[in-house]
Amino acid sequence: MGSARKSAYALKDKYAIVGIGTTDYSANSGRTVRALAIEASANAIADAGLKPADIDGIVSYNFNDSAPAIAVATGLDIPNAGYAVDFLAGGNAANLIVLSAVAAIEAGLADTVVCYRAMNGRSGFRLGGGREFRALGPTQYTAPFGWITYPQAMAMWCRRYQIEYGLTPEQLGNVAVTLRENAVLNPRAMQRKPMSMEDYLASRMIVDPFRLFDICLETDGACAVVVTSAERARDMKQKPVYIMGGAYGGGPQQGDDLFDCIRWPDHSKNYSHYIADDLWRSAGITPKDVDVAEIYDCFTYSILMQLEGLGFCGLGEAGSFIADGHIRRDGKLPVNTHGGLLSEGYIHGFNHVIEAVEQLRGQSGPRQIADAEIALTTAGAMTCGSAMILRR
């Protein structure tokens, strides 16, 4: 781990995202996941002003719910995908695949890499579905007690945070309401109907303390980015968005799978508390330098934990930080300017990277944060996760 971190510091600003692409986000795409992956990747390649023949690497992540990288490379008619990798990972890998592309190019395994995530997350395989029928590993001990879904698991983390620091329904509601305000301005967003605090509080309880609007959307769709060296990026169609730094990991006792967090030492803190130092050192900046943050929000609570874990506010202070308006578009740290996973859609967190790039390019329309120069993207809500710092 130590040598990898030292290498990351040496790669600051040497690589860039030069293309982005998406599909429509919907509840029923009517298409195969492979078709979605090919469309988003082709759009990202075209956005960079490139052709499939210019791509020699492709990388993705999935939970056995997507199309393999090599199959997407074939569908794109990439002639020589010498670096084709699939991570078996959850949303915690959304930034990891971009950092992996950087590592592959640095190692000479590829020159220009497409990173994508594609899923029929509503009409097809629904994340968390089927755990009760595959009671293996840690699940064999939790399933008999009815602990089988992600909302149930995440609710336990949120409840611990409540016990440690106090957290009101209104403070969770501020997250959902703020992100919906942003989604109203986003033509990609699945949920664009304005939401008031009264609407939030009136929504039905799913798993205490989570109401309906505390939980991210289930989404069909795909998104992709193209990564290459800063030197090559200068000749591309779009202004490069440089990768300043990044980090992946978590704390001790992560368990046997993403769902296993019984041995975690303190459930009022998640992975972000443990990777913060590596993240900021890799980019050579501090939280005060960030202009816009796209923070993983599979559930409302995860934003609070990451604000604290990454040092934007002190422990137990995130509820008041948000209530004071600091994460709004006109606040000191605009968060999830696209509406996030709660209101734009859930492409397993990779859509956060798309939004960060658009913000740094100045292409976000009415939700654009003026003069945004540095963006944070994060991915993960429990024991492990990833984060990345981008700049224009």
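GLU358 meets each of the listed conditions (1) open to solvent by 10 Å² or more (accessible area, probe 1.4 Å); (2) outside any helix (DSSP H, G or I) apart from (2). Criterion first (part of a strand (DSSP E or B) and open to solvent by 40 Å² or more (accessible area, probe 1.4 Å)) does ILE163 satisfy it? No.
Would a scan of the stretch 258-274 turn up a residue that is closer than 26 Å to ALA370 by Cα, open to solvent by less than 40 Å² (accessible area, probe 1.4 Å) and of a type outside the set (Phe, Trp, Tyr)? No: the stretch 258-274 contains no residue that is closer than 26 Å to ALA370 by Cα, open to solvent by less than 40 Å² (accessible area, probe 1.4 Å) and of a type outside the set (Phe, Trp, Tyr).
Condition check for LEU76 on (1) open to solvent by less than 30 Å² (accessible area, probe 1.4 Å); (2) on the phi > 0 side of the Ramachandran plot: one failure, at (2). For the stretch 53-71, the count of residues that are within 18 Å of ALA233 (Cβ to Cβ), free of Cβ contacts under 8 Å to residues at least 60 places away in the same chain, open to solvent by less than 40 Å² (accessible area, probe 1.4 Å) and of a type in the set (Gly, Ala, Ser) is at least one. For the stretch 174-183, taking the residues that are touching a residue at least 60 places away in the same chain (Cβ under 8 Å) and open to solvent by less than 50 Å² (accessible area, probe 1.4 Å), the one that is farthest from ILE148 (Cα to Cα) is identified as ASN182. Scanning the stretch 196-216 for residues that are crowded, with 21+ Cβ neighbours inside 10 Å and in a loop (DSSP other than H, G, I, E, B) returns a single hit, CYS216.
The helices (runs of 4 or more DSSP H) located wholly in the stretch 1-104 that include 2 or more residues which are in contact with a Phe, Trp or Tyr (Cβ under 7 Å, 6 or more places away or on another chain) and either modelled with pLDDT under 95 or not charged (D, E, K, R) (or both) occupy 33-47.
Look at (1) open to solvent by 60 Å² or more (accessible area, probe 1.4 Å); (2) outside any loop (DSSP other than H, G, I, E, B) and you find that VAL227 fails only one, number (1).
Number of residues in the stretch 314-345 that are within 18 Å of ILE374 (Cβ to Cβ) and among the basic types (Lys, Arg) equals 2. The set of residues in the stretch 230-251 that are part of a loop (DSSP other than H, G, I, E, B), over 22 Å from the mean Cα position of the chain (by Cα) and of a type outside the set (Asp, Glu) comprises ARG234, MET236, LYS237, GLN238, LYS239.
The values are calculated or read from the model by the stated rules, or taken from the named source; none is laboratory data. Keep in mind that this is a model prediction, so the values were computed, not measured. Quick reminder, even Gly has a Cβ in these numbers, built from the backbone with ideal geometry, and neighbours come from all protein chains shown. The accessibility values were calculated without ligands, DNA or RNA, using every heavy atom of the protein model including side chains. Shrake-Rupley method; radii C 1.70, N 1.55, O 1.52, S 1.80 Å.
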